[in-house]
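In what follows, a structure is listed as structure tokens, so that the remarks can point back to it.
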């Protein structure tokens, strides 16, 4: 079983739609959680950290469920510019390494 | 401008010919790391370094070497490249508390390596 699992998609949604991605992790000792965004053929960039109480940044909401070991990302009012691959990232219990999911591909259609 | 740079960006080589991919960061970060990205497998860590002269294996270190003689540089060395090392490679850096990776990881633009 992979340490971090994501639905690879692709998710094709119309502009203005709300879309949600889930990610599950296998190590209950994992410490910290993040969502990174990767545009085609570019480097990953941090989108947001995920806090235990859930957090919001504009149209993006991240949630963590430690009991069920999953993380979610909700994007409201999707824009064309949101088209990218979204990577779920977990900091290992050693706190010295990150584990990346394979990513979920999102395409927002006009 | 704060950045991580990698060179070369693209490289085509042949099996067995030693190569080095350079990585440099100007943010005074203690932590540096190398990843490879393959379709369906995501980013997998090759090696990481918590600080100068301190390096550790990641999840897929076989066939690679690294060194950290200076804080800003973290070269990746393939002594005898093989076709299964054809991949997209990313260098990254971040702050560190000394024993823990801290904060956001900043990635370089990537190096696309093809080994024939």
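Values for this structure:
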item: Hey, residue A:95 in a loop (DSSP other than H, G, I, E, B), touching a strand residue (DSSP E or B) at 6+ places or on another chain (Cβ under 7 Å) and closer than 30 Å to residue B:49 by Cβ or not; result: yes
item: Positions within segment B:30-55 being facing another protein chain (nearest Cβ under 10 Å), over 21 Å from residue B:104 (Cβ atoms) and either out of contact with any strand residue (DSSP E or B) (no Cβ under 8 Å at 6 or more places or on another chain) or free of Cβ contacts under 8 Å to residues at least 12 places away in the same chain (or both), in sequence order; result: B:39, B:40, B:41
item: The listed residue being out of contact with any strand residue (DSSP E or B) (no Cβ under 9 Å at 6 or more places or on another chain) and away from chain B (no Cβ under 14 Å), out of A:58, A:54; result: A:58
item: Residue that is farthest from the chain's Cα centre (by Cα) [pool: residues in segment A:19-59 that are more than 17 Å from residue A:70 (Cα to Cα) and touching a residue at least 24 places away in the same chain (Cβ under 8 Å)]; result: A:40
item: Matching option when the condition is part of a loop (DSSP other than H, G, I, E, B), free of Cβ contacts under 8 Å to residues at least 60 places away in the same chain and either within 10 Å of chain A (Cβ to nearest Cβ) or farther than 16 Å from residue A:92 by Cβ (or both), among B:71, B:17; result: B:71
item: Selection within segment B:76-95 - away from chain A (no Cβ under 14 Å), surrounded by fewer than 20 Cβ atoms within 10 Å (Cβ to Cβ) and in a loop (DSSP other than H, G, I, E, B); result: B:79, B:80, B:82, B:86
item: Residue satisfying condition, being buried (at least 18 other Cβ atoms within 10 Å of the Cβ), away from chain B (no Cβ under 14 Å) and at pLDDT 95 or above, within set A:106, A:87; result: A:106
item: Some residue of segment A:19-39 being out of contact with any strand residue (DSSP E or B) (no Cβ under 8 Å at 6 or more places or on another chain) and at pLDDT 95 or above; result: no
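The values are calculated or read from the model by the stated rules, or taken from the named source; none is laboratory data. The model shown is predicted, which means the values in this text are computed figures rather than measured ones. All Cβ positions, even for glycine, are placed from backbone atoms using ideal geometry, and neighbour counts span all protein chains on display.
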